[in-house]
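A.B. asks: Here it is, the structure, as structure tokens.
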Amino acid sequence: MNAPLLAALLAVAPARAASVKLFSFDAKGAALDATGLAARLSRADEKTPDLEKLPLWAVPIDGKSPKQRVKLSQQGKLVLATWEKAERVRFDLVWPVDEDGYNAVAADKGGAGYGDGELVFLDEEIAVTQYARFKESWKRRLSDWQPLYKPGKKAKELADAAKDAMAAAAGQKETPARVKAYQAALQATSLAWEKMLFEHGLQHALDERRAPGLRFGLTLDENLLKRLDDLEWIAEAVRRSGADWVRLVFRPNSADFLYSSLRSFNEYDGVVEELAKNKIKVMGCVLDATAWPKTMTPELYAERTKNLVLHFRGKISSWEVGTELNGDWLGGASAPFTPEQVYRTYTAGVDKVKELDPALETVATLYAWEETAPDRDHALSAWLPVQVKRGFGRNLDVVGLSIQPEENPLGMGFERVFDAVGDAMPGQKLMVSSLGYVEKEEVKGYWWLAPDDVDGARKDLTILYATASCAMPRSLCGGFWWQTLDQMLPPGRRRATDLYKVWRRTLDQLGRREEKN
């Protein structure tokens, strides 16, 4: 056969799939079958997880090929994990950590990856990989980032405990004991990592050179208009918490979507005035992405943006022109907009702001999902390069991250999402621009701390992420708890919840004392 013909045949021939044999165990050390492993990887409300649509991905270690969804199957007593192309890969997945919650983690065999036919003891591989990544982060913070990290006594003790736990696990010979030891080592690593991020974030927030440029905010969504009688109390409570910013979400306003009438601003004028009285800066949200109508066009979005910006000229200096732009629900879950439609609409908004006043700050929020994304087109690491090449970032000052751990766990993966955005967008400031956990009172997705402790998880996540967000390069910190009006300052007796009190104590610790009028 001649060479050109052989090359042509090879080009159209399907790539050979690869698979490994996965061994994983429950908290008691019992081996999991494919169904049991799928349940361990899945949301609480997924009663019968699809073995071909799990938050488990094969990532080619050459860095040149895209991630591939891993499919599980049961072959006799063996669990097979299969991906499409026979490249050496690492595995990215979500995984429960004892008494800590679901985390985004990886297993990479020391960077060498896994190839066809290998055996993979998942609990052990995850623990070893995450500990190596923790050590790398610790080293970077001690030598590369300003201000340099200065570990405290407790942080050093937790780091030593993780090191000892890893050594103890490696010394175990029998499978049940070895599995439990590596599960304990992963927990120790997670706790040490969280302490490092918290402590370094605190050091950043208290650094006199950085503190003036940082911001901490809460979200006032469109339900605020139903509580205008509480407006004075709400604004005062925001100020007393130590927050110096709010995201003010403008309602869709079906009667005047474009805000072309002065009457559409009646209530918002009073809101902005009351916030100003309390020395609270406003990030105006042009429109929450979940409310983008099916009839949305770039022209409509630009006109709505123009009318809002012009009306509040001199009063609102920051505009969020896109929320969760890489979500797959913009325009409606049944027939969502394509990434191209989203990009063109967002671009019309951000360009309009800068056209009206280049000094105004522009913000776009991205959804921090990776393993849990339904496809690669919407996952953060895949969406960003495509859109940046297209022009995303032009006229943009701040990139925010929407962090919703019930839907998309981060944990030890928190640092990774900041790295991904920072590397792709080196000219923008970063921050946590939306944070939340469980809309009602029952976990539907992934738990944090414990499956039945929603209140405790909210408090822990508030403390952790409000502080850890300051420990990232070019970060403004942030926060912007989405359900502020429901979960911190609920309607009724004008009494703040314990979650609000935790937020207030956290900001006090971060040097944000209550501003007095």
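The values are calculated or read from the model by the stated rules, or taken from the named source; none is laboratory data. For clarity, every value in this text was computed on a predicted model and none was experimentally measured. Reconstructed Cβ throughout: ideal geometry from the backbone, glycine too, with neighbour counts over all protein chains shown.
A.B. asks: I'd like to check something: does segment 245-262 contain any residue that is hydroxyl-bearing (Ser, Thr, Tyr), modelled with pLDDT of 95 or more and outside the structural domain of Tyr500 (by TED's automatic domain parsing)? Reasoning before the result, please.
C.D. replies: Filtering segment 245-262 for residues hydroxyl-bearing (Ser, Thr, Tyr) gives 254, 259-261.
So of that shortlist, the ones also modelled with pLDDT of 95 or more come out as 259-261.
Checking which are outside the structural domain of Tyr500 (by TED's automatic domain parsing) leaves us with none.
Checked segment 245-262: no residue is hydroxyl-bearing (Ser, Thr, Tyr), modelled with pLDDT of 95 or more and outside the structural domain of Tyr500 (by TED's automatic domain parsing).
A.B. asks: Taking the condition outside the structural domain of Asp144 (by TED's automatic domain parsing), aromatic (Phe, Trp, Tyr), out of contact with any Asp or Glu (no Cβ under 8 Å at 6 or more places or on another chain) and not in a loop (DSSP other than H, G, I, E, B), does Phe418 pass?
C.D. replies: So Phe418 passes the test.
A.B. asks: Could you figure out which of (1) without any contact (Cβ under 8 Å) to a residue 12 or more places away in the chain; (2) under 21 Å from Thr372 (Cα atoms) isn't true of Gly76?
C.D. replies: Answer for Gly76: the failing condition is (2).
Conditions (1) under 22 Å from Leu410 (Cβ atoms); (2) of a type in the set (Gly, Ala, Ser); (3) at pLDDT 95 or above, marked per residue:
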position: Ala86; (1), (2), (3): no, yes, no
position: Arg133; (1), (2), (3): yes, no, yes
position: Trp138; (1), (2), (3): yes, no, yes
position: Ala181; (1), (2), (3): no, yes, yes
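Okay, residues lined up against (1) part of a loop (DSSP other than H, G, I, E, B); (2) among the basic types (Lys, Arg):
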site	(1), (2)
Val282	no, no
Arg304	no, yes
Leu308	no, no
Trp319	no, no
Asp328	yes, no
Glu340	no, no
Thr347	no, no
Thr362	no, no
Glu371	yes, no
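A.B. asks: With (1) of a type in the set (A, V, I, L, M, F, W, C); (2) without any contact (Cβ under 8 Å) to a residue 60 or more places away in the chain; (3) closer than 26 Å to Gly411 by Cα as the list, and Phe250 as the residue in question, which single condition is left unmet?
C.D. replies: Every listed condition holds for Phe250 apart from (3).
A.B. asks: Please work out if Lys389 is of a type in the set (Lys, Arg) and surrounded by 19 or more Cβ atoms within 10 Å (Cβ to Cβ). Steps first, answer last, please.
C.D. replies: Values: of a type in the set (Lys, Arg): yes; surrounded by 19 or more Cβ atoms within 10 Å (Cβ to Cβ): no.
Answer is no for this residue.
A.B. asks: Being under 30 Å from Leu449 (Cβ atoms) and free of Cβ contacts under 8 Å to residues at least 40 places away in the same chain narrows it down to one residue among Val421, Val399, Val388; which is it?
C.D. replies: Val399
A.B. asks: Among the residues of segment 81-111, count how many are under 20 Å from Val417 (Cβ atoms) and in a loop (DSSP other than H, G, I, E, B). I'd like the intermediate steps shown before the answer.
C.D. replies: Of the residues in segment 81-111, the ones under 20 Å from Val417 (Cβ atoms) are 90-97, 100-108.
Still in the running and in a loop (DSSP other than H, G, I, E, B): 100, 108.
Result for segment 81-111: 2.
A.B. asks: Kindly provide the set of residues from segment 322-354 that are of a type in the set (Asp, Glu) and in contact (Cβ under 8 Å) with a residue 12 or more places away in the chain, ordered by number. Write out each step before concluding.
C.D. replies: We begin by selecting, within segment 322-354, every residue of a type in the set (Asp, Glu); these are 324, 328, 340, 351.
Selection gives Glu324, Asp328, Asp351.
A.B. asks: Search segment 504-517 for residues that are assigned by TED's automatic domain parsing to the domain that holds Val238 and at pLDDT below 95 and pair each with any residue that is loosely packed, with under 15 Cβ neighbours inside 10 Å and assigned to a loop (DSSP other than H, G, I, E, B) when their beta-carbon atoms are under 7 Å apart and the residues are at least 6 apart or on different chains.
C.D. replies: Correct list of pairs: empty, since none qualify.
A.B. asks: Moving to a separate point now. Give me the helices (runs of 4 or more DSSP H) completely within segment 114-216, filtered to those with at least 3 residues that are within 24 Å of the chain's Cα centre (by Cα) and either crowded, with 16+ Cβ neighbours inside 10 Å or not polar (S, T, N, Q) (or both), ordered by residue number.
C.D. replies: 122-143, 175-206
A.B. asks: Taking the criterion of being out of contact with any Cys (no Cβ under 6 Å at 6 or more places or on another chain), exposed (fewer than 14 other Cβ atoms within 10 Å of the Cβ) and at pLDDT below 95, would at least one residue in segment 100-110 satisfy it?
C.D. replies: First, pick out the residues of segment 100-110 that are out of contact with any Cys (no Cβ under 6 Å at 6 or more places or on another chain): 100-110.
Checking which are exposed (fewer than 14 other Cβ atoms within 10 Å of the Cβ) leaves us with 110.
Keeping just the survivors that are at pLDDT below 95 gives none.
No - not one qualifying residue is present in segment 100-110.
A.B. asks: Can you confirm whether Leu308 is surrounded by 19 or more Cβ atoms within 10 Å (Cβ to Cβ), under 25 Å from Phe392 (Cα atoms), free of Cβ contacts under 8 Å to residues at least 40 places away in the same chain and within 30 Å of the chain's Cα centre (by Cα)?
C.D. replies: Details: surrounded by 19 or more Cβ atoms within 10 Å (Cβ to Cβ): yes; under 25 Å from Phe392 (Cα atoms): yes; free of Cβ contacts under 8 Å to residues at least 40 places away in the same chain: no; within 30 Å of the chain's Cα centre (by Cα): yes.
No: the conditions fail for Leu308.
A.B. asks: Further, regarding this structure: Any residue in segment 355-371 that is assigned by TED's automatic domain parsing to the domain that holds Gly393 sitting within a Cβ distance under 7 Å of a residue that is part of a strand (DSSP E or B) and at pLDDT below 95? List the pairs, counting only those 6 or more apart or interchain.
C.D. replies: none
A.B. asks: Before we move on, is Ala496 under 19 Å from Asp244 (Cα atoms), assigned by TED's automatic domain parsing to the domain that holds Arg240, of a type outside the set (Lys, Arg) and surrounded by fewer than 24 Cβ atoms within 10 Å (Cβ to Cβ)?
C.D. replies: Values: under 19 Å from Asp244 (Cα atoms): yes; assigned by TED's automatic domain parsing to the domain that holds Arg240: yes; of a type outside the set (Lys, Arg): yes; surrounded by fewer than 24 Cβ atoms within 10 Å (Cβ to Cβ): yes.
Judged against the criteria, Ala496 is a match.
A.B. asks: Being of a type in the set (Lys, Arg), buried (at least 16 other Cβ atoms within 10 Å of the Cβ) and assigned by TED's automatic domain parsing to the domain that holds Val432 is the requirement here; does Lys352 meet it?
C.D. replies: So Lys352 passes the test.
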